[in-house]
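To keep things clear, I will list the structure first and then write my remarks on it.
The values are calculated or read from the model by the stated rules, or taken from the named source; none is laboratory data. Note that this is a predicted model, so its numbers are computed, not measured. Cβ placement follows ideal geometry from the backbone for every residue including glycine, while neighbour counts extend to all protein chains displayed.
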Amino acid sequence: MEPEILRTARLELSAPRVSDVAVIHEECQDAAIQRFTTVPSPYLLADAEAFVELAHGWWAEGSEATWAIRLEQRLVGMVGLAKLPSGAPEIGYWVSSTVRGRGIASEAARAVVDWAFSPERPELARIEWRAVVGNLGSARVARSLGFRYEGLLRQAHVNSLGRSDLWVAGLLRTDRRDRQPWPVI
């Protein structure tokens with residue numbers, strides 16, 4: 001599968017590039033990104049280099065679709081769908097602390113959901129979302145896109161900082177995409 005470029009009113013989503021490595025490395029020093037994602041901690045420059053290479057491989061084999069979120073030509077985050085061949089991929093995203101609260105993650109994630117549920121991908125029936133309990137920013141994004149809260153997975157998240165409980169939500173191709181009530185936020 002070839003990488004696709006997605007555009008929204010403010011953003012361009014495109015495959016991460018070698019020229020993004022320094023920014024990815026810098027952004028992944030953020031304690032929140034290290035706590036709430038599976039990036040290594042400490043996050044080394046070599047990790048950013050490997051990530052960009054892996055992202056291109058994922059596109060090529062069709063296993064994942066990963067986009068750099070670009071605002072005014074500047075990389076401000078990442079968004080992607082893992083486990084594409086499952087028919088129920090998992091969406092994930094992070095944004096720079098410099099743009100949090102401006103709707104960037106929601107705008108980017110909405111474009112990815114639209115891409116996933118387009119007629120060109122009828123095999124995708126569901127998108128899953130998971131986040132470390134307490135990651136209210138990510139939960140608000142998912143809820144605003146119409147994801148339905150489905151529960152808690154105990155100690156299911158593992159990263160270099162240890163294990164954490166996860167909130168889980170899902171969005172079906174046939175679901176309405178309006179904001180949903182969630183008991184946890």
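Under the condition of being β-branched (Val, Ile, Thr), free of Cβ contacts under 8 Å to residues at least 40 places away in the same chain and under 22 Å from Ile5 (Cβ atoms), the residues counted in the range 92-125 number 2. Restricting Gly137, Gly92, Gly151 to residues that are within 21 Å of Ala55 (Cα to Cα) and either in a strand (DSSP E or B) or within 15 Å of the chain's Cα centre (by Cα) (or both) narrows the list to Gly92.
In the set (1) surrounded by fewer than 19 Cβ atoms within 10 Å (Cβ to Cβ); (2) in contact (Cβ under 8 Å) with a residue 24 or more places away in the chain, the condition left unmet by Val21 is number (1). Counting the residues of the range 77-90 that are buried (at least 20 other Cβ atoms within 10 Å of the Cβ) and in contact (Cβ under 8 Å) with a residue 40 or more places away in the chain gives 5. For the range 58-89, the set of residues classified as over 15 Å from the mean Cα position of the chain (by Cα) and in a loop (DSSP other than H, G, I, E, B) consists of Gly62, Glu72, Gln73, Gly87, listed by residue number. Part of a helix (DSSP H, G or I), surrounded by 16 or more Cβ atoms within 10 Å (Cβ to Cβ) and of a type in the set (Gly, Ala, Ser), is that true of Ala50? So Ala50 does not fit the description; no.
Reported count of residues in the range 118-176, each being touching a helix residue (DSSP H, G or I) at 6+ places or on another chain (Cβ under 6 Å) and surrounded by fewer than 13 Cβ atoms within 10 Å (Cβ to Cβ), is 0. Look at Ala55 and say whether it is buried (at least 20 other Cβ atoms within 10 Å of the Cβ), part of a helix (DSSP H, G or I) and more than 15 Å from the chain's Cα centre (by Cα). No. Does Glu12 satisfy being buried (at least 16 other Cβ atoms within 10 Å of the Cβ) and either more than 15 Å from the chain's Cα centre (by Cα) or not in a helix (DSSP H, G or I) (or both)? Taking the combined requirement at face value, the residue satisfies it.
Candidates in the range 36-76 are the residues that are in contact (Cβ under 8 Å) with a residue 60 or more places away in the chain and among the hydroxyl-bearing types (Ser, Thr, Tyr); of these, the one that is farthest from Val158 (Cα to Cα) is Ser41. Tell me which of these Ala108 doesn't satisfy, since it passes every other one: (1) modelled with pLDDT of 95 or more; (2) small (Gly, Ala, Ser); (3) over 14 Å from the mean Cα position of the chain (by Cα). The number of the failed condition is (3).
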